[in-house]
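Scroll down for the structure; my scribbles are underneath it.
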Amino acid sequence: MSLFNPQDLRNVLQTDQRILGLDPGSKTIGVALTDVSLMLASPFMGLKRRKLGENAKELAEITKRQNVGALVVGLPLSLDGSFGPAARAASDWTTALSERLGIPACLWDERLSSSAVNRFLIQDADMTRGRRAEVVDKMAAAYMLQGWLDATKPDLEKKYL
């Protein structure tokens, strides 16, 4: 499947389908899920990063069990917004994963999501380094996915006027 424009991805979903948010790191893939109303993203789990085929099998089971209709994958743009090697690798990985799972996907800017989550876990949650390591990836995925949900939310005022 080809990658969708982030604004258009909502239009291909069927009623009551969820979106799976992925924050692919070098060691762990953070996984988050939306609710069926597409209003709230929640941390789901962290997956050990393996070969694409192995991760695709695990993600295929999740998509089936959770009625997932699309993927939103974190795009690691450079701080200046440029599309560097890490962004190219994420784009290629997302395209291949989308094709294997047979569901549409889009990329969403995830710059500083891990930093924001770590800052929150240190300052507000007063979490130890070890505990942070267990939750940061899935929370970063939820942070990124919530950003996509908020940015692509339908304008209800226009809808009902």
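The values are calculated or read from the model by the stated rules, or taken from the named source; none is laboratory data. This one's a predicted model, so the numbers in the text were calculated from it and none came from an experiment. Note that each Cβ is placed from the backbone with ideal geometry, even for glycine, and that neighbours are counted across all protein chains shown. Quick note on the areas: whole protein, heavy atoms, side chains included, nothing else; ligands and nucleic acids left out. Shrake-Rupley method; radii C 1.70, N 1.55, O 1.52, S 1.80 Å.
Put Val36, Val72 in order of accessible area, largest first, 1.4 Å probe: what do you get? Don't jump to the answer; show the numbers that get you there.
Numbers: Val36 70, Val72 0 Å².
Order by accessible area, largest first: Val36, Val72.
May I ask you to derive the FRET efficiency for Asp150 and Asp8 from their Cβ-Cβ distance with R0 = 25 Å, giving the value to the nearest 0.05?
FRET efficiency, Asp150 to Asp8: 0.90.
State the Kirkwood hydrodynamic radius of region 18-63 in Å, one decimal place, computed from all pairs of distinct Cα atoms. Walk me through the numbers on the way to the answer.
On the way: mean 1/r = 0.0913 Å⁻¹.
For region 18-63, inverting the mean 1/r across all distinct Cα pairs yields 11.0 Å.
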